[in-house]
Structures are given as C-alpha cells and as structure tokens.
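Worksheet: the structure to be examined is printed underneath.
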Amino acid sequence: MAEANYFYKNSSIYFNQHICNEDLEEFAIHECIHYIQEIKDKKNYLIRMGLCDYTEFKIYGLGLNEASVQLMSSKINGIPKEYVKYFGISFETISPSYYPLECCLANQLAYITGEDVLFESTIKSNDNFKNKLSTIITPKTFTTIQNAIDDILLAEENIIKLNNKIAEIEDGNKKVDGMLKKIEELKSEITLTFMRTQNLIISSYFDSTFNTISNLEELEKYRKKLYSFKDYLGFAEGYTFFSEYYVNKMEELENKYIALENGTEEIPTKLKVITKKENKIIAFFKTLKKLIFSSKSSKETIEDKKM
C-alpha cells in the first residue's frame, strides 16, 4: 500500500518497483528517519519509534509520528506549499501527496509548541513534545487528539484496501456496491474526525492560554497567535467554528484589555493602533455570524411551515 517501507527487523528499506529513480530520494529520507527513530529491546523487538509507542496489545501515536516524519522529510526535500482538497477538506500543506490530513493536524500542534520540540521528540523518541503539549491542553486532550489522528490513518488504509479489492473484482459483482458504500462511510468518518479534532485543538489551546494573560504584551501576543491560526486550518463546506470562536474571543479580549488598561499607567501606542485595525476584522466576523444564525433561523421557520 505504501511507496516505501522501513523494516526494522533487518534495518532495510523496501521500495515499490514502479517508483521512478528520481523519486527514490524523497521516499528514502522518510524511511531513513524511521531508522534513526527506532528503539528496540534486548530481544530486538521494536518498542518505540519517534512519537509512536509499540505496546503488547496496541500501537499508539502511529498517525502523529508518520505526520511529523513526513513534515520533516518535506522540509528536507524543499517541497513548496500547495493548496489541496481531501475528503471535502481544503488546506495548504508542504505534504500534498502523503499523509496530508495528518500533517495538517500535526502542523497545528507544532504551531502551539514550536517545531523544534516536535522534531526533537520525533528524532530522539522522547516525551518532550507530549509533555509540553499536555501541560497546555491537558494529558487527556492530548490522548484524544493522538487517537483521532490514528483513526484517520486507519480509515485511509481501509479505503486503500477496499479500492484494491474492487480493482480485482469483475464488473457487476454485488460485493462492489457494498464496498463502495463502506468507502463513502469511511470518507465521511475521516472528514468528521478531522474537523472535530481541529476544533478541539483550537478550543483547548486558546481557552487555556487565555486564562494566563496578565498584561497587555501577553494580550497582544495572544491576539496575534489566534489570528494567525487561520493559516493552519482545514476548511470544509459550511465550516464556521473558527470564525465564531474568533469573534467570541475578540469580545473577551476587549473586556480583558479594559480591565488591564484600568490597572496600567501607560498603554503601548502600538497596541492601540492594532486594536483599531482589528475592529474591522471583528465587525466582519460579527456580521458573518449574524448572517449564519439568520440563515439558520429562516430555514427552521420554512421547515416548521412545511410541517
């Protein structure tokens, strides 16, 4: 199912025979990182690979590890950013062909902690990234996000398996209809899991850090970080969570600013200027929010009349 695979038992990389020679380097770098990551026990069994733990009964963090390794590989190969669309989700990524959804979510997490700690834990197979993120969004939330990325990876693999089976079955076989239906269900599941996970990352991080703001400088840094998060988002049709969240947080920031202003002798001029510019953005999102709720209300009224 993969273009290349690292096999830890004999420390070898296997490539699909159809890969062009000029493309080997891109895949080789990803698999070589896996070689650097591996930690084995005395019996030569794999117990950890980067952000992924191999327990006796289940593997944890496989999706997050593959995403982080792919982000590193893409940076090494100098892959340019590209807008893509998978399963109805549009976003910008440096990994348009391999683990794109997983990379998008991993990139959002790296935005929170910084890339350095993510890549350091990926290469050295330690818990520094996990621990740093867990202190911000809680260990339970980290586990939920990690498991969700694993679920996306598993669903994608199941789609590939089903497509391979369909390719081997003759036309007109009734089994194909069932498999096609299952594929559509998996696609919907991937989309829903991605959006829920993205929303959880947004709310858990910005809710927790909001409570730590104690001065105007921290308030301004928070505002900038929240605004810039839009560049890391995946967008689906009808997605309004971030815009609504942004509007609500800007209103809370305004109240926080007034409270801090009353207790501060001197207010930075720069902050005043930026805040005025921000008002235009806030006004836009407020108008958008009103239109959304107005549209929903009209739709519900029409449906009530039909009933």
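Taking label points 7 Å from Cα along the Cα-to-Cβ direction, Y14 and Y83 give a separation of 4.0 nm.
Across the accessible surface of the stretch 15-118, with the other protein chains kept in place and a 1.4 Å probe, carbon and sulfur atoms take up 52 percent. A simple spin-label model places the labels of D151 and N128 3.1 nm from each other, with each point 7 Å out along Cα-to-Cβ.
How big is the gap, in Å, between the Cα center of the stretch 33-72 and the Cα center of the stretch 134-211? Using only Cα atoms to place each centre, the spacing works out to 20 Å. Using 0.36 nm per residue and subtracting the Cα-Cα separation, the extra length available between F235 and N255 on full extension is 4.3 nm. Under 15 Å from the 7 Å Cα→Cβ point of I166, by amide nitrogen: which residues of the stretch 175-214? Under cut-off, by backbone N: 175-189. How high is the FRET efficiency between N248 and T135 when r is their beta carbon distance and R₀ equals 22 Å, given to the nearest 0.05? About 0.35, to the nearest 0.05. Rolling a 1.4 angstrom probe over the stretch 154-248 with all protein chains present gives an accessible area of which 51% lies on carbon and sulfur atoms. Put a dot 7 Å past the Cα of K221, heading toward its Cβ, do the same for E56, and the two dots end up 4.5 nm apart. Residue ranges 101-113, 142-154 sort as 101-113, 142-154 when ordered by packing (mean number of other C-beta atoms within 10 Å per residue, highest first).
The values are calculated or read from the model by the stated rules, or taken from the named source; none is laboratory data. Model, not experiment: these values are computed from the prediction. Quick reminder, even Gly has a Cβ in these numbers, built from the backbone with ideal geometry, and neighbours come from all protein chains shown. All accessible areas refer to the heavy atoms of the entire protein, side chains included, with ligands and DNA or RNA removed. Shrake-Rupley method; radii C 1.70, N 1.55, O 1.52, S 1.80 Å.
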